1. I'm trying to understand the selection: among the residues of the stretch 443-461, which are hydroxyl-bearing (S, T, Y) and assigned to a helix (DSSP H, G or I)?
2. Cβ contacts < 6 Å: first residue more than 13 Å from G308 (Cβ to Cβ), restricted to the stretch 48-60; second residue open to solvent by 30 Å² or more (accessible area, probe 1.4 Å) and assigned to a strand (DSSP E or B), any location; separation 6+ or different chain. Result?
3. List the number of the failed condition for D440; all other conditions in (1) modelled with pLDDT under 95; (2) under 13 Å from L487 (Cβ atoms) hold.
4. Please determine, by comparing only the residues of the stretch 23-49 that are surrounded by fewer than 18 Cβ atoms within 10 Å (Cβ to Cβ) and of a type in the set (S, T, N, Q), which one is modelled with the lowest pLDDT.
5. Every residue in the stretch 172-192 that is more than 15 Å from L214 (Cα to Cα) and over 35 Å from the mean Cα position of the chain (by Cα), please.
6. Does Y304 satisfy the criteria of being open to solvent by 40 Å² or more (accessible area, probe 1.4 Å), closer than 30 Å to R238 by Cβ, of a type in the set (F, W, Y) and modelled with pLDDT of 75 or more?
7. What strands (runs of 3 or more DSSP E), lying completely within the stretch 470-539, carry at least 1 residues that are without any contact (Cβ under 8 Å) to a residue 60 or more places away in the chain and within 26 Å of the chain's Cα centre (by Cα)?
8. I'd like the residue in the stretch 34-47 that is in contact (Cβ under 8 Å) with a residue 24 or more places away in the chain and more than 38 Å from the chain's Cα centre (by Cα) and, out of all such residues, is nearest to Q23 (Cα to Cα).
Amino acid sequence: MHVSRHPAFTYVVQDSASVEELQEFAARFVLDEVSRLQAVGGTQSTQVGISFGAAINGHTSEILNASQLWGPGSGGFDLLHRLTESRPDLAWTLINDVSALALYFSSQLDVDSTTRMCVMTVSTGIAARTVETATGRIPLSRNMGLQGEIGHLPVDFGIAGLGILSCDCGAAGHLNAYASGRGILKVMKAVGARVGKTDWQDLGQNPELWPIVLTAGLLRGDPHANQVLDAVTHVLARAVHWIVTVDPEIDRVIICGGVAEGLAPYFEQRLRDHLIKEPMYLQMERQGSGLAQVVEFPKGSDTYPLLGAAIAAEKQEARRTVIRLPPTLTKFRLTENRWTEYEVMLTAKFESSMLENCLMALGAQHALVLIDRDVPKDQASAYHSALGTILDQVTVAAVNIAAEGKDWRLVESILARMEDANFGRRTHVLVALGGGTLLDAAGLAAGLYRRGVPYIRIPTTLLGLVDAGVGVKVGVNAMGIKNRIGLFNPPDAVICDMQFVERLNREGIIGGLGEIVKIGLVADVDLIESLERHWHHALQNSFYGTPQGYGIVERSIRAMLTQLSGNLWESELNRPADLGHSFSQALESLPDPRLGHGKAVAIDIALTLQLGQERGLTSKATVTRVLALMQSLGLPTFESRISTVQLWASLGDATVHRGGRQRLPIVTDIGQKPVFLSDVKESEIEAAWGRLKDWPH
């Protein structure tokens with residue numbers, strides 16, 4: 001990589017130059033440099049990527065403002081148009097320097113370990129960009145194409161008597177005015193004048209020396225140097241808090257730039273200290289050192305924006321190459337954000353008012369009620385009677401799940417019943433009362449009939465209450481594969497009635513406990529601890545009539561809904577809730593005696609824990625603890641009837657489903673978001689399965 005450095009041509013250095021002259025110099029400099037580099041390198045490339053330190057409309061590439069270069073009120077400049085006019089033979093790409101940094105860093109990360117990242121630069125100016133690491137997409141405002149111009153936010157600076165300083169943009173009190181390179185210089189001069197530090201006052205003659213002077217003061221323990229650094233890093237730590245509070249999906253913050261590197265290592269340590277001392281409100285996982293640990297300070301980052309600009313240019317060229325539009329084509333785009341909201345009610349005892357409130361909100365007059373024949377008649381009749389007192393007409397259909405199976409025949413039989421009832425899109429509601437199989441099939445039928453009709457779920461199994469009943473995925477088996485046909489179809493309401501659980505047999509309880517353990521491992525350590533305290537009662541259905549049993553189910557539902565919230569349609573494929581669902585499909589496909597879903601999930605978890613231990617990600621103590629808990633709950637941790645070839649094939653199918661990457665969730669700390677692996681080899685599965693076989697069962 002060939003790098004040459006030139007002094008900046010700015011309004012500070014060339015104070016007599018007009019804005020137009022400064023803008024023309026920038027264009028001329030770029031054109032001359034491109035010609036020089038082409039001559040030096042002998043390259044035939046026609047792509048040019050430019051990283052530019054200015055507020056740039058990311059949609060149009062127009063420079064909206066470059067006050068740090070061209071002074072306050074410099075206004076807009078279409079540099080890209082100017083360059084294209086001069087050299088139409090080249091494919092120009094212009095990108096903001098912080099956006100370029102974000103592209104570079106996102107290209108260097110394992111997207112399975114980081115979902116969303118923020119890059120903050122502290123240099124001549126201050127700005128930040130969040131980027132989706134899987135796609136490299138940088139969200140931008142719709143009209144102006146901007147994001148993260150935090151340097152122009154007002155702040156309260158922590159040095160008394162300093163006065164209000166002005167930003168390069170001309171406004172007063174901005175973050176840039178105090179904590180950018182030029183801002184710190186102003187602060188040092190003002191403090192120097194107040195306390196009589198002549199070397200600080202004289203920095204106006206040699207402004208480039210301020211980092212050396214301030215670092216020397218820090219090295220000596222100068223209280224004024226420490227005061228300045230403390231105030232600067234304090235407002236920057238506040239900025240980090242703002243960013244991760246507004247966007248809680250950010251799990252890595254990278255801070256770089258001339259200030260961060262010029263004041264190393266003092267800058268990094270002081271900023272981390274502030275993050276530790278001021279935890280975030282109500283976010284325990286990001287309090288104290290937890291938040292400080294997601295912040296990184298890379299070295300040697302001055303060339304990274306150039307590499308990011310190259311990535312942007314390559315992406316732009318790919319779009320030019322792939323999308324060749326005929327000149328007569330007119331393109332239209334329709335965008336609509338669909339609001340999704342539904343209520344999940346957990347109750348120790350059903351009251352008819354729960355159904356009445358749901359039905360009133362829907363405005364339905366008629367109901368088709370599907371009841372699994374395995375549901376006790378007295379419990380089913382309570383819901384039937386309640387519906388009869390609320391609606392004009394109620395049609396009840398008993399469904400024999402054991403006879404029909406979870407396939408298209410079941411969906412077709414439900415659709416036929418809906419057709420016989422002359423089911424309307426607003427006048428009718430479908431009510432499904434049963435286990436996961438019936439809820440899935442009914443949800444699929446509701447999504448297909450007339451392109452979508454209202455439906456209410458009433459799960460009657462523990463597995464349904466904590467998993468299948470509360471989510472939005474519906475489907476049935478097809479082509480010999482579980483849930484191969486399905487939809488995302490949110491219910492209009494879910495009623496989780498604990499009275500059903502109190503009548504379940506032991507196997508029904510065990511099936512639900514597999515999913516409860518799963519969600520606890522990735523989202524709620526207190527749930528796991530509660531299971532450990534009450535494991536000797538958890539297999540008794542009467543336990544779920546107690547406050548402790550109710551609390552376990554309540555925490556499970558809450559944790560599951562928290563995981564679903566914000567990713568209901570699975571646009572993000574790194575899903576913690578996929579723990580236990582990478583190998584379980586093969587396990588559930590075994591012939592009689594069949595493994596229920598919860599048991600298959602438990603074996604999947606056991607294998608995943610062994611893989612995590614082998615990689616050094618999951619401690620032996622965690623593996624031992626979880627396996628012991630599952631065994632105490634009656635959950636299996638091994639199945640001798642399946643081969644590692646079948647397990648590997650199951651992971652392969654999951655990989656296709658997850659966008660071509662394994663995205664295998666690995667538990668590191670119980671109750672915390674797992675890490676995701678996408679490079680697991682078949683030999684690792686063989687070794688882990690062998691160790692699991694030898695585990696005491």
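The values are calculated or read from the model by the stated rules, or taken from the named source; none is laboratory data. None of the values given here were measured: they were computed from a predicted structure. As a convention, Cβ positions derive from the backbone with ideal geometry for all residues, glycine included, and neighbour counts pool all protein chains shown. With ligands, DNA and RNA removed, areas are computed over all heavy atoms of the protein, side chains included. Shrake-Rupley method; radii C 1.70, N 1.55, O 1.52, S 1.80 Å.
1. Y449
2. A55/L64; A55/N65; N57/L64
3. (1)
4. T43
5. A172
6. yes
7. Details: elements: 473-478, 481-488, 493-497.
Correct list: 473-478, 481-488.
8. Residue satisfying both the conditions and the ranking: V34.
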